[in-house]
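First comes the structure, then the notes that go with it.
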Amino acid sequence: MKISFNYKALIAAVALSTGLFSCSKLDKDYEPIQVSGLSIIQASPTLEKLDVYVDNTKATGLDFSFGDKTDYLSAYSGNRVFNVTKKGNSNSLKGAQATLKPQIGYSLFVIDKLENINFLLLEDDLSKPATGKAKIRFVNLSPDAGALNLSINGATSDLFTNKLFKEYTTFQDIDPAEQMTFNVKDQATGTVVTVLANVKIEVGKVYTLYAKGLKANTDDTKFGATVFVHK
């Protein structure tokens with residue numbers, strides 16, 4: 001679905017591309033520049049602060065830490081190159097290429113343990129939810145959690161089921177609520193393994209909820225869940 005992005009001015013006069021154009025070259029053959037929306041989410045369970053580059057431009061803020069995200073940035077559509085480094089270090093930990101389609105929103109997740117760090121690029125369905133509804137998807141980004149289900153507390157059945165690490169669902173309409181509690185469950189046993197409580201779900205908005213962290217850890221990278229609204 002084509003959308004209009006409310007771009008953030010993280011990179012003031014420079015778009016996320018090396019292919020900048022000169023206004024002096026406009027002529028009858030000029031075609032409007034195509035752009036895509038790109039949100040970047042740090043879901044790699046590490047205490048290291050990271051930098052993410054799109055082509056040769058740094059696209060993340062000063063301290064890009066576990067659980068942080070950017071709102072949609074404007075990136076030229078077409079083939080883009082992504083790299084992640086430790087903060088202030090030019091050595092790439094992981095590089096990847098992807099093709100961004102015009103007027104489509106994407107979520108670029110930085111995932112997995114630092115020694116296996118990688119990217120997961122998801123296309124975002126930013127079409128409006130049904131009248132009176134919100135919509136949400138679930139992504140399992142915990143490397144050691146196994147298969148997971150997601151449910152809304154009090155519901156008779158799970159909202160999403162059996163998602164392994166790096167697997168994700170489509171967006172599904174849900175009822176809004178001032179305070180909603182989500183339960184992330186172990187698929188095999190049905191046991192609730194983490195709870196995300198008091199989440200405000202608003203009419204007309206689009207959300208992603210993702211499992212993150214490591215069950216084996218007890219620090220700030222321990223297992224949990226996070227939800228964000230696409231904007």
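Every number in this text was worked out from the coordinates using simple rules, so none of it is lab data. Please read all numbers here as calculations on a predicted model, not as lab measurements. Cβ atoms come from the backbone with ideal geometry, glycine included; neighbour counts cover every protein chain shown.
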Enumerate the lysines that K87 could reach by cross-link, defined here as Cα to Cα under 27 Å, with residues fewer than 8 away along the same chain left out. K8, K49, K58, K69, K113, K166, K212, K215, K222, K231
Multiplying the sequence separation of L62 and N116 by 0.36 nm and subtracting their Cα-Cα distance, what value in nm do you get? 17.1 nm
Would you mind classifying the chain by shape? Square roots of the alpha carbon gyration tensor eigenvalues, ordered a ≥ b ≥ c; an a/c under 1.5 is rounded, otherwise it is prolate if a/b is larger than b/c and oblate if not. oblate
Within the stretch 40-70, name every residue whose backbone N is under 19 Å away from a label modeled 7 Å from Cα of V81 along the Cβ vector. 51-60
Report the extension gain between A147 and D175 in nm, rounded to one decimal, defined as 0.36 nm multiplied by the number of residues separating them, less their alpha carbon distance. 7.5 nm
Between E48 and K215, what is the label-to-label distance in nm when each label sits 7 Å out along the Cα-to-Cβ direction? 2.6
